[in-house]
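Worksheet: the structure to be examined is printed underneath.
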Amino acid sequence: MADRKAALIIVAAGHGTRLRGAPKQYRPLLGKPVLSHLMARAASISAIGPIITVTHPDHAAFYGEALAASGLKDDRAFRAPGGETRQASVCNGLELLAAAEFPADGIVLVHDAARPFLSELVVLRAILAAQAAGAAMPVLPVVDTVAEIDAAGELAGNPDRARLRVVQTPQSFRFGPILAAHRAMAERGRFDFTDDAGLMLANGQRVATFEGDDGLFKITLEADLARAKRHLGAPEPFVRTGLGYDVHAFTDGNHVTLGGVAIPHERALLGHSDADPLMHAITDALLGTIGDGDIGQHFPPSDPRWKGAPSRLFLENARARVESRGGRILNVDGTLICEAPKVGPHRAAIALAIGSVLGLPPEAVGVKATTNEKLGFAGRREGIAAMAVATVAFSG
């Protein structure tokens, strides 16, 4: 592992609890784990030699997936076990370098796994700063007014922002001093340092600063993942809305099917399938979000296969078509127009039936009903109409 190039220690042992799902360093970002984007960038920078990733013992599978997706060669990739704290994790990475006889005057960069957009320019600044000063950190100016508050949450003062800076990584150090400082703090029982520049300062080491990079933002919240996608040039997500309408006349029978629920009634609805106007309207609304025709185009009444078919088949097909185009159904909202039967007692069952087909919770399925004030065909009890709106999000 010994190499006159700088060594990079990636701190990736955290659980990242502020993001749902996998730890933030392993969350998918345009099809690859966040960590793999960082590894790939680091691998492309000629000034970086060995790359040590410090990971949690439980994250072996996550790490393996990230390494495979990064394209980082095995002869440059090393893994160290994470510790109880960030400080302990970094120390484990340094001890791995020490065991490999990394030179004491070599440069070590310590970088957060959740900052994937490492650039060669920042790395070169880091190396030069550490060669000159022994320890250095990238910083950005504070552009907003900063407030200091008291225990009651009231304004206590405003620090001079001209002297304040936002700290980033990679922080850079000569290997011998940073290893000695970590060992010294461990001997003193100090394990509370959240960054290595602060640890070096507490150990009596001067720490220089150099210009950071706006692109080195840290992925901590869901909004940061969205920003990361934009940084990589991903298309902006967008939302589409579709409208559907359907009507069926009454015929002889003893029930109607509305939203997938059979409701006792003195008449039935006439149709080639089960004549469910609400599901048909929602189907058309979903097809409208992707400009994919209408229910009659995909399931023509002339086709005997659909005689008496349950309309959930049509709705399932519309959902599949939307999802195949990258759409995610956010909600559907339908209105039945009829004098009878009464829809209110069946509203919850209808919402549940539609939601089960579309993968939506009942609160994302609107079910309403209105009379037509005895006007028109619905007012004369000649049939039932339905209108629907669907909202679908697309990733771009």
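The values are calculated or read from the model by the stated rules, or taken from the named source; none is laboratory data. It should be emphasised that the depicted structure is a prediction, and the values quoted were computed from it without experimental measurement. Methodologically, a virtual Cβ is constructed for each residue, glycine included, from the backbone with ideal geometry; neighbour enumeration extends over all protein chains shown. For the accessible areas, the whole protein counts, side chains as well, though only heavy atoms, and no ligand, DNA or RNA atoms are used. Shrake-Rupley method; radii C 1.70, N 1.55, O 1.52, S 1.80 Å.
The set of residues from region 313-336 being buried (at least 20 other Cβ atoms within 10 Å of the Cβ) and either free of Cβ contacts under 8 Å to residues at least 12 places away in the same chain or out of contact with any Leu (no Cβ under 8 Å at 6 or more places or on another chain) (or both) comprises PHE314, GLY327.
Restricting to region 143-169, name every residue that is in a loop (DSSP other than H, G, I, E, B) and either within 27 Å of ALA12 (Cα to Cα) or open to solvent by less than 70 Å² (accessible area, probe 1.4 Å) (or both).
First, the residues of region 143-169 that are in a loop (DSSP other than H, G, I, E, B): 143-147, 150-154, 158-160, 164, 168-169.
VAL146, ALA147, ASP150, GLY153, PRO159, LEU164, GLN168, THR169, listed by residue number.
Elements of the type strands (runs of 3 or more DSSP E) sitting completely within region 190-286 and holding at least 3 residues that are open to solvent by 10 Å² or more (accessible area, probe 1.4 Å), under 26 Å from SER324 (Cβ atoms) and touching a residue at least 60 places away in the same chain (Cβ under 8 Å): these cover 238-252. Annotation note: Cβ proximity below 7 Å between a residue of region 290-307 that is over 22 Å from GLU323 (Cα atoms) and a residue that is surrounded by 11 or more Cβ atoms within 10 Å (Cβ to Cβ) and of a type in the set (Phe, Trp, Tyr) (sequence gap 6+ or interchain) occurs for TRP306/PHE299.
Looking only at region 89-113, which residues are among the small types (Gly, Ala, Ser), open to solvent by 10 Å² or more (accessible area, probe 1.4 Å) and in contact with a Gly (Cβ under 8 Å, 6 or more places away or on another chain)? Even if it seems obvious, please write down each step before you answer.
Keep residues of region 89-113 that are among the small types (Gly, Ala, Ser), which gives 89, 93, 98-100, 104, 106, 113.
The next check asks that each one be open to solvent by 10 Å² or more (accessible area, probe 1.4 Å); those that pass are 98-100, 104.
Across region 89-113, the qualifying residue is only ALA104.
Just so you know, in region 363-396 the residues that are under 24 Å from the mean Cα position of the chain (by Cα) and not hydrophobic (A, V, I, L, M, F, W, C) include one that is least open to solvent (accessible area, probe 1.4 Å), and it is THR391.
On the stretch given as region 122-161, residues that are over 28 Å from the mean Cα position of the chain (by Cα) and under 30 Å from ARG174 (Cβ atoms) total 15. Take the residues in region 46-79 that are touching a residue at least 60 places away in the same chain (Cβ under 8 Å) and buried (at least 18 other Cβ atoms within 10 Å of the Cβ); name whichever of them is farthest from ILE178 (Cα to Cα). Once the filter is applied, the top-ranked residue is PHE78.
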